[in-house]
Amino acid sequence: MHRIVFLGPPGVGKGTQASELGRELGIPHLSTGDLLRSAVAAKSPLGREAEGHMAAGRLVPDDLVLQILKERLGRPDAARGFLLDGYPRNPAQASALERIVPIDVVVSFDLPKETLLARLVERRVCPTCQSVYNLTSQPPRVAGRCDRDGTELVHRPDDRPEAVETRLRVYAEQTAPLLEFYRNRGLLRPVDARGSPEEVRARVRRAIG
Ligand SMILES: [Zn+2]
């Protein structure tokens, strides 16, 4: 079984690692955003409830996210495990999570702040399909256009330097107790996220065993 949680600051590349590793291991890569969007699209009772909160501009409550996650983890493709990306975000969510499913390993991606800043400042996002590019390491085939749908890429306001500084600081403050939570359970595996995606993936494989 591979019941894995990925933790890491914005810009660390964990989304890419999660989707490729998920494919490699044959387990679903689940991010909260995708989970909520697919529950809403499926018009399940839980999805409708989540949609109500989202439409009103409210955060979807923790217990509802957890119920949606629980339902998702019951599907056949998650029988051999799953890879949670960006969830849980705090010790309260982590302890609620372990009441519905045991976690085998928590990979925490580490990258020096200067590297993160540089990556985020060079990040461009497609507003249509949410694909993420980097001007240096992962440029689109046609400058300024999404490879998938040709939409003009945007530099999101929260990827600008001042905003990035704030996001990283908030992330570090909020995540410290969560790292502590998993460290205390002996589940935390820090992974150096420097280098190419292939190098990082090799480290992740070693970390999850
Ligand atoms: Zn696109």
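Taking Ala18, Ala50, Ala193 as the candidate residues, the one with maximal mean-square fluctuation in a Gaussian network model of the chain, Cα springs under 10 Å, is Ala50. Summing Lys, Arg as +1 and Asp, Glu as -1, what charge do residues with Cβ under 14 Å from the Cβ of Gly74 carry, Gly74 excluded? My count for the surroundings of Gly74 gives +3. In a Gaussian network model over the chain where Cα atoms closer than 10 Å are linked, find which of Ala92, Ala41, Ala79 has the largest mean-square fluctuation. For the chain, modelled as a Gaussian network with Cα springs under 10 Å, the answer is Ala41. Under 23 Å Cα to Cα from Lys14, which lysines show up? Leave out anything in the same chain fewer than 8 places away. Leaving aside lysines fewer than 8 places away in the same chain, those within reach of Lys14 are Lys70, Lys113. With helices as the sole contributors, the chain gives -15000 deg cm²/dmol at 222 nm; each DSSP H run of n ≥ 4 counts as -39500 (n - 2.57), and the sum is divided by every residue. In the context of the full protein assembly, Arg167 retains an accessible surface of approximately 60 Å², using a probe radius of 1.4 Å and ignoring ligands and nucleic acids.
The values are calculated or read from the model by the stated rules, or taken from the named source; none is laboratory data. On a predicted model such as this, the values are computed, not experimentally measured, just so you know. Every residue, glycine among them, receives a Cβ derived from its backbone with ideal geometry; neighbour counts consider all protein chains shown. Side chains included, ligands, DNA and RNA excluded: accessible areas come from the protein's heavy atoms. Shrake-Rupley method; radii C 1.70, N 1.55, O 1.52, S 1.80 Å.
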